[in-house]
1. Can you say whether Leu122 is outside any loop (DSSP other than H, G, I, E, B), within 29 Å of Ser56 (Cα to Cα) and modelled with pLDDT of 95 or more, as far as the supplied structure shows?
2. If we scan region 63-70, do we find a residue that is closer than 25 Å to Arg126 by Cα and either without any contact (Cβ under 8 Å) to a residue 40 or more places away in the chain or among the β-branched types (Val, Ile, Thr) (or both)?
3. Condition first: within 21 Å of Leu140 (Cβ to Cβ), surrounded by fewer than 20 Cβ atoms within 10 Å (Cβ to Cβ), modelled with pLDDT of 95 or more and aliphatic (A, V, I, L, M). Can you find one or more residues in region 189-196 that meet it?
4. I'd like the full set of residues that are at pLDDT below 95 and under 18 Å from Lys251 (Cβ atoms), limited to region 203-220.
5. Can you pull out the residues in region 75-134 that are of a type in the set (Phe, Trp, Tyr) and either surrounded by fewer than 16 Cβ atoms within 10 Å (Cβ to Cβ) or farther than 16 Å from Leu148 by Cβ (or both)?
6. Restricting the search to region 197-207, which residues are surrounded by 22 or more Cβ atoms within 10 Å (Cβ to Cβ) and touching a Pro at 6+ places or on another chain (Cβ under 9 Å)?
7. Is it the case that region 171-183 has a residue that's over 21 Å from Ala118 (Cβ atoms) and part of a helix (DSSP H, G or I)?
Amino acid sequence: MLYLYECSKLKELLTSIGQLMALQKLNLSGCSDFKKLPTSIGQLTTLQKLYLFKCSELKELPTSIGQLTGLQELNLSCYFELKELPTFIGQLTALQKLDLSRWSKLKQLPTFIGQLIALQELNLSRCSKLKELPTSIDQLMTLQTLYLYECSKLKELLTSIIQLIALQTLYLYECSKLKELPTSIDQLTALQTLNLSGCSELKELPTFIGQLMTLQQLYLFKCSKLKELPTSIDQLTALQELDLSWCSKLKELPTSIGQLTIL
């Protein structure tokens, strides 16, 4: 493991980094003056984790990163310069966690995101210009966690999201333009946590939400236009936590809520 966290004066790595044939983890997070990764990084065939969080001066990634076929975690959070994800990222078929949070210029995800067939966690939080997800997201059959909080331009979720049969956690916190959920959301049969807090344009929940039989946490904090809950909420028999704080237009709870015996 090689940790260079917060080495704020470090500008580049020598090409000899490629000779560390047993290296499994490389952390360059917080290297605010770091400008370039050597192409020799592609020789690190045992590398499993690469963290480049807050490397704000890093203008581009070498294409040789696509050769890291054993890479399991890639953190590119706070990558301010890139407007789109490089195509060679699609070659990282062993990738389990991808963090693209706080990409302020990212407007859309490329369709090749669907090639990341081992992906379990995708973080797109605070991608303030992201307007939609690609239809190819339905190919991420192993995805368990999807973070989309504070994606303030995201207006809807495509129905293709229902193909994410392994999805357990869906965070849509502060997606202030999101007006509705797809009616077919009931097909997310593994979902345990749904966070819609701060979705200030959300007026109602689909009736079929009652079919999310594994749902344990439902957060609707500050959903200021939500007027009522569907009566089908009584079917959420696994629900342990329901947060309706600051739902200023909510007038009453359905009588059926009394059937949620473990709430």
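The values are calculated or read from the model by the stated rules, or taken from the named source; none is laboratory data. Just so you know, these numbers come straight off a predicted model, no measurement behind them. Neighbour counts run over all protein chains shown; Cβ positions are idealised from the backbone, glycine included.
1. Criteria met by Leu122.
2. The initial filter retains those residues of region 63-70 that are closer than 25 Å to Arg126 by Cα, namely 65.
From what's left, either without any contact (Cβ under 8 Å) to a residue 40 or more places away in the chain or among the β-branched types (Val, Ile, Thr) (or both): 65.
Yes: one or more hits.
3. For region 189-196, residues within 21 Å of Leu140 (Cβ to Cβ), surrounded by fewer than 20 Cβ atoms within 10 Å (Cβ to Cβ), modelled with pLDDT of 95 or more and aliphatic (A, V, I, L, M): present.
4. Lys203, Glu204, Leu205
5. Within region 75-134, Tyr79, Phe80, Phe88, Phe112 meet the criteria.
6. Result: Leu205, single match.
7. Looking through region 171-183, at least one residue is over 21 Å from Ala118 (Cβ atoms) and part of a helix (DSSP H, G or I).
Table: residues versus (1) in a loop (DSSP other than H, G, I, E, B); (2) over 24 Å from the mean Cα position of the chain (by Cα).
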residue: Met21; (1), (2): yes, yes
residue: Leu26; (1), (2): no, no
residue: Ser29; (1), (2): yes, no
residue: Asp33; (1), (2): yes, yes
residue: Ile41; (1), (2): no, yes
residue: Thr45; (1), (2): yes, yes
residue: Leu50; (1), (2): no, no
residue: Phe53; (1), (2): yes, no
residue: Leu58; (1), (2): yes, no
